[in-house]
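Notes follow once the structure below has been shown.
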């Protein structure tokens with residue numbers, strides 16, 4: 001034990017007890033502490049490490065219960081010989097002489113599709129250290145009701161639930177979650193759906209990927225918005241050579257840009273991504289009439305379904321869908337948290353059945369424990385409380401942002417829809433700037449803004465910026481925009 | 001409040017407090033309790049429902065804290081008018097006149113790929129009610145260390161972790177989990193890998209799907225085992241027309257059945273699925289030499305990487321892979337629980353980079369909270385304790401199964417590998433039986449067995465059965481096999 005260096009980190013996010021346990025377990029499994037070896041007394045260990053006696057005692061007791069240590073009357077703690085049983089790492093399969101040439105093989109020639117080469121939104125890893133993070137789509141730690149969420153996770157882990165969520169469930173999603181989506185979430189968007197018209201997915205991303213896999217062949221004519229969601233472009237262009245781009249005006253997707261041969265339209269009508277404009281009810285009806293006339297289907301991505309705080313929301317396209325042509329994508333990423341990866345799709349039961357089969361091949365199903373925790377979060381009313389709080393905060397930030405932009409960046413054209421969690425700014429040719437340079441300079445001043453280029457499919461896109469306000473504290477908005485205004489004046 | 005029927009279910013898996021809260025939240029959100037309406041006193045409510053006063057008080061207090069109720073000095077509790085604010089369901093988007101023809105459209109013509117039509121393993125939903133569930137791949141409630149798991153989930157949900165796991169992480173998996181996979185799991189299989197050669201997936205299913213998406217084009221020659229994993233057949237045959245099947249003998253995949261033009265071989269060398277035979281080291285080396293000579297890659301599905309309990313395990317193919325041709329798939333489904341959906345893949349960094357990009361398009365990433373909980377479960381040593389317990393139990397069951405089968409089903413040919421969690425039985429032509437009829441009859445006697453047909457690609461497959469022992473209590477094995485033996489004697 002003398003040579004076992006234990007270094008506990010008091011600034012770490014782990015408790016000293018967890019750290020000590022980890023170190024001892026590793027030492028035992030890797031053979032640094034041999035079978036039968038005596039451990040230092042809890043008193044000695046505590047003195048040596050400068051930790052409380054109680055911590056050492058609890059760790060030794062826990063390891064004894066779990067079979068790592070054994071205790072021999074009052075003579076102390078010893079490494080349990082039984083730990084070296086079958087299957088432990090020191091009983092591991094030994095690598096033998098490797099077969100095959102060392103040079104390895106050329107994977108580049110073998111990989112048939114290269115998603116790695118696609119352009120994508122990149123976020124700086126350390127944005128949380130910045131003072132003015134106008135970042136999009138990340139949660140605000142201060143707003144998230146961690147206590148309520150924990151309560152639901154605890155409830156979901158009761159022993160009585162083990163049967164429900166620990167096993168494979170391929171044919172049905174968590175019935176509690178489906179019930180909440182049907183009765184609580186969808187009515188707000190005007191949507192009525194039966195159980196077999198809903199499928200739970202790993203975020204709306206998975207729903208979009210599955211729609212493309214099932215409905216798009218090599219020559220299927222697909223229409224996307226430009227500017228629009230880069231990953232939709234990436235997903236559909238991996239499948240088909242025939243992608244058309246429709247422009248976006250103050251009412252969203254321009255219907256004149258949808259050619260007659262179209263088979264599928266992907267749109268973000270409620271908060272057009274990235275411009276945030278809302279498609280008015282008249283254009284929604286016209287889009288559906290056109291879908292009927294030209295026989296295409298519509299994928300409605302309602303990725304911000306809970307951020308409609310500026311007046312009465314326009315109902316979802318899906319709520320107007322008498323012909324069953326709309327595939328509705330919803331997500332919990334913007335309300336709960338994106339790391340949870342939970343969303344859902346509402347579509348005709350025929351398509352949902354095929355999507356369920358495809359989901360089985362792809363991932364089997366979304367993790368059951370997260371489905372159940374989320375179901376509780378909804379059914380116990382925590383979700384609604386949280387959405388109300390988000391609305392109040394977002395509405396305030398939205399106001400402050402609007403005023404601050406008018407003051408500090410008066411040249412930019414700013415579009416508005418029914419709320420959301422970001423602003424989109426477009427600059428005139430006269431005010432053109434070099435996006436990457438601006439972003440770099442801003443970061444040096446502790447400001448994060450997202451350049452707009454990535455959202456455009458067409459070359460020679462206008463200079464644009466996207467400013468999210470889901471993570472930035474309200475009080476930081478005004479000073480952050482002042483810095484941005486100065487930088488733009490210099491760069492423009 | 002008079003008309004509000006509250007019906008609490010004392011036998012339900014939810015606490016009375018949770019149930020009461022749910023009922024009240026729903027009543028408020030759906031307008032059955034109007035804004036400003038007075039609620040019955042906690043005393044009256046408790047008497048009416050036959051619950052403790054304390055329960056009512058706690059529910060009212062919780063709802064007041066969350067803004068559903070307000071309390072007016074000592075005059076009681078009222079529905080908070082502010083609850084009817086923006087975004088609540090009673091402020092919902094109203095469905096308008098739907099657009100489009102009522103008949104709907106014919107999805108059958110539009111769906112380009114129909115995974116729903118593929119044959120698949122089906123498990124009865126209510127298998128837990130059967131006395132003798134010889135089911136495969138489901139966890140044993142009695143063995144799972146729910147307390148340890150909960151401890152890890154709690155630790156992962158500490159406020160300090162919120163930054164780490166609540167947000168999107170596209171470029172890197174949880175570093176704690178990667179560290180544990182590298183240092184704790186892979187060495188047991190003889191595998192050394194660097195961080196950028198490992199990707200976390202939603203079970204090995206997702207890894208397999210991604211490998212097929214990236215490496216298999218319409219004419220790529222793929223070799224699968226027959227009998228083999230039905231979902232591998234389903235995944236690859238959605239991609240390519242050129243699937244060859246290789247037979248399986250006592251040493252696993254028959255190398256003579258792998259044609260020279262092969263580009264990819266999918267194999268389950270350590271516990272051949274479903275026969276359970278283990279490929280010996282010599283054949284592993286020969287397979288790799290053949291891969292080198294004929295220039296193909298090998299997908300090694302080590303789906304039961306922790307159930308090697310009969311003597312010293314044969315190292316993974318990947319550990320012998322000098323040429324970087326092996327793509328190794330591992331899973332936590334058979335040790336933790338399948339509902340968690342967590343696995344990993346080890347491959348050359350070039351391929352891992354493309355898989356990461358594809359994973360982003362498919363699902364963005366596996367849920368962060370589950371990655372972190374699992375990392376703790378590993379690092380705190382709970383996982384190793386649990387694997388040891390599984391080994392002891394499985395080894396015992398494996399023995400009892402082996403003896404019971406020899407006694408009660410002596411005609412069946414039974415194959416053996418290095419452990420696993422199932423037996424595979426093949427019957428002679430003379431003992432042929434009708435699978436579905438047998439399974440039905442068995443279920444009537446509270447016995448669940450899986451017919452073997454689904455594992456065969458070739459028509460006219462021999463009569464086979466698969467008997468799992470991960471869920472059946474050890475004491476139930478012998479009587480269960482006795483019933484099965486009698487049924488087979490009658491049916492055969």
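Out of the stretch A:127-142, which residues are more than 17 Å from the chain's Cα centre (by Cα) and either under 15 Å from residue A:390 (Cα atoms) or loosely packed, with under 14 Cβ neighbours inside 10 Å (or both)?
A:129, A:142
Restricting attention to the stretch A:224-246, which residues are more than 11 Å from chain B (Cβ to nearest Cβ) and either at pLDDT below 95 or more than 25 Å from the chain's Cα centre (by Cα) (or both)?
Those that are more than 11 Å from chain B (Cβ to nearest Cβ) and either at pLDDT below 95 or more than 25 Å from the chain's Cα centre (by Cα) (or both): A:241, A:242, A:243, A:244, A:245, A:246.
Tell me which of these residue A:382 doesn't satisfy, since it passes every other one: (1) under 26 Å from residue A:187 (Cβ atoms); (2) surrounded by fewer than 23 Cβ atoms within 10 Å (Cβ to Cβ); (3) more than 8 Å from every other protein chain (Cβ to nearest Cβ).
Of everything listed in (1) under 26 Å from residue A:187 (Cβ atoms); (2) surrounded by fewer than 23 Cβ atoms within 10 Å (Cβ to Cβ); (3) more than 8 Å from every other protein chain (Cβ to nearest Cβ), residue A:382 misses just condition (3).
Just the residues that are more than 28 Å from the chain's Cα centre (by Cα) and surrounded by 15 or more Cβ atoms within 10 Å (Cβ to Cβ), please, taken from the stretch B:480-492.
Scanning the stretch B:480-492 gives B:482, B:483, B:485, B:487, B:488, B:491, B:492.
Is it true that some residue in the stretch A:249-265 is under 26 Å from residue A:363 (Cβ atoms), modelled with pLDDT of 95 or more and crowded, with 19+ Cβ neighbours inside 10 Å?
Yes, that holds for at least one residue.
Report whether or not residue A:285 is more than 25 Å from the chain's Cα centre (by Cα), facing chain B (nearest Cβ under 9 Å), surrounded by fewer than 24 Cβ atoms within 10 Å (Cβ to Cβ) and not in a loop (DSSP other than H, G, I, E, B).
yes
Touching a strand residue (DSSP E or B) at 6+ places or on another chain (Cβ under 6 Å), surrounded by fewer than 19 Cβ atoms within 10 Å (Cβ to Cβ) and over 20 Å from residue B:227 (Cα atoms) - does that describe any residue in the stretch B:401-414?
Looking through the stretch B:401-414, none of the residues is touching a strand residue (DSSP E or B) at 6+ places or on another chain (Cβ under 6 Å), surrounded by fewer than 19 Cβ atoms within 10 Å (Cβ to Cβ) and over 20 Å from residue B:227 (Cα atoms).
Filter the stretch A:427-438 down to the residues that are surrounded by fewer than 19 Cβ atoms within 10 Å (Cβ to Cβ) and assigned to a helix (DSSP H, G or I) and list them by number.
Selection gives A:429, A:430, A:431, A:436, A:437.
Residue B:337 is checked against (1) more than 29 Å from residue B:391 (Cβ to Cβ); (2) modelled with pLDDT under 95 and fails just one. What number does that condition carry?
Among (1) more than 29 Å from residue B:391 (Cβ to Cβ); (2) modelled with pLDDT under 95, residue B:337 violates only (1).
Look through the stretch A:272-282, keep the residues that are buried (at least 21 other Cβ atoms within 10 Å of the Cβ) and either within 14 Å of chain B (Cβ to nearest Cβ) or part of a helix (DSSP H, G or I) (or both), and return whichever of them is farthest from the chain's Cα centre (by Cα).
So, considering only residues that are buried (at least 21 other Cβ atoms within 10 Å of the Cβ) and either within 14 Å of chain B (Cβ to nearest Cβ) or part of a helix (DSSP H, G or I) (or both), the one farthest from the chain's Cα centre (by Cα) is A:279.
May I ask you to list pairs of residues, at least six apart or on different chains, whose Cβ atoms are under 9 Å apart, with the first in the stretch A:106-127 being at the interface with chain B (Cβ under 7 Å from one of its Cβ atoms) and the second being part of a helix (DSSP H, G or I) and loosely packed, with under 14 Cβ neighbours inside 10 Å?
Within 9 Å, the pairs are A:114/A:108.
Hey, could you check the stretch A:176-209 for residues that are under 16 Å from residue A:336 (Cβ atoms) and part of a strand (DSSP E or B) and say which is nearest to the other protein chains (Cβ to nearest Cβ)?
Step by step, filter the stretch A:176-209, then rank; the result is A:201.
Name the residues in the stretch B:43-96 that are at pLDDT below 85, closer than 29 Å to residue A:190 by Cα and assigned to a loop (DSSP other than H, G, I, E, B), would you?
Within the stretch B:43-96, B:66, B:67, B:85, B:86, B:87, B:88, B:92, B:93, B:94, B:95, B:96 qualify.
The values are calculated or read from the model by the stated rules, or taken from the named source; none is laboratory data. Keep in mind that this is a model prediction, so the values were computed, not measured. Ideal geometry is used to build each Cβ from the backbone, glycine not excepted, and the neighbour counts take in all protein chains shown.
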